[in-house]
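*Asks:* I am attaching a structure below and will ask some questions about it afterwards.
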Amino acid sequence: MTLLLQLLLTFSMLSLLAIGGANAVLPEMHRQLVEIHGWLDDATFSQLFALAQAAPGPNILAASVMGWRIAGPAGLGVATIGMLLPAAILAWFVAGLTQRLRGATWLKPAQFGLVPVAIGLIAASGVIMTEAAGSSWLAWGIVAVATIFVWRTKFSPLWVLAGGGVLGLLLL
């Protein structure tokens, strides 16, 4: 199987698991790209994710940047299509189904039941990224402080990104 086809299949599968957005599937993306296929190492994965998050635009950029690193411009295109198309098709079908079933009594509880799943997937992403960045007590402390800051204050999460950038420069 060619590299581009493998990329397409990998990101298509990830797309269907991304309940809560691209960041929610980050642990599985790490497992697939680093541990199973060996296309990236931990440091490169972390750096590409940080680069994608620093750029303006949707979180899907993480998949695009990783596809580009793995297989160049064609990899970027294949990873992006793989991450977007299956989820878009599924969302289209589910939206139509939701419209037809909008009066069903079980629909609201089912929708609310997906919220903890999304929260858990996003929390797992934070754990994977912390471990990939170097699982030291300092890394975990920074993650804890950043999480509490974003959760408990009304400041923009961009302040955490700026603080992380300054801290990264100081620790180099």
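The values are calculated or read from the model by the stated rules, or taken from the named source; none is laboratory data. It should be emphasised that the depicted structure is a prediction, and the values quoted were computed from it without experimental measurement. Because the Cβ atoms are built from the backbone with ideal geometry, glycine has one as well, and the counts that use them run over all protein chains shown. Protein only, heavy atoms only, side chains kept; ligands, DNA and RNA dropped before computing areas. Shrake-Rupley method; radii C 1.70, N 1.55, O 1.52, S 1.80 Å.
*Asks:* Can you tell me which residues in the stretch 58-76 are under 14 Å from the mean Cα position of the chain (by Cα) and within 13 Å of Gln6 (Cα to Cα)? Outline the logic, then answer.
*Replies:* Just the residues of the stretch 58-76 that are under 14 Å from the mean Cα position of the chain (by Cα), to begin with: 58-67.
Matches in the stretch 58-76: Gly67 only.
*Asks:* In addition: For a quick check of your reading: which helices (runs of 4 or more DSSP H) sit entirely within the stretch 102-172 and have at least 3 residues that are in contact (Cβ under 8 Å) with a residue 60 or more places away in the chain, among the aliphatic types (A, V, I, L, M) and out of contact with any Cys (no Cβ under 6 Å at 6 or more places or on another chain)? Break it down stepwise before answering.
*Replies:* On the way: elements: 107-134, 137-152, 158-171.
Of the helices (runs of 4 or more DSSP H) lying wholly inside the stretch 102-172, those with at least 3 residues that are in contact (Cβ under 8 Å) with a residue 60 or more places away in the chain, among the aliphatic types (A, V, I, L, M) and out of contact with any Cys (no Cβ under 6 Å at 6 or more places or on another chain) span 107-134.
*Asks:* Can you name every one of the helices (runs of 4 or more DSSP H) wholly within the stretch 1-85 that holds 2 or more residues which are open to solvent by less than 40 Å² (accessible area, probe 1.4 Å), modelled with pLDDT of 85 or more and small (Gly, Ala, Ser)? Walk me through it before giving the result.
*Replies:* On the way: elements: 3-17, 26-30, 42-54.
Fully inside the stretch 1-85 and qualifying: 3-17, 42-54.
*Asks:* Any chance you could count how many residues in the stretch 139-154 are modelled with pLDDT under 80 and open to solvent by 40 Å² or more (accessible area, probe 1.4 Å)? Full working, then the answer.
*Replies:* Step one: filter the stretch 139-154 for residues modelled with pLDDT under 80, giving 139.
Add one more test, that the residue is open to solvent by 40 Å² or more (accessible area, probe 1.4 Å), and what stays is none.
Looking only at that region, the number is 0.
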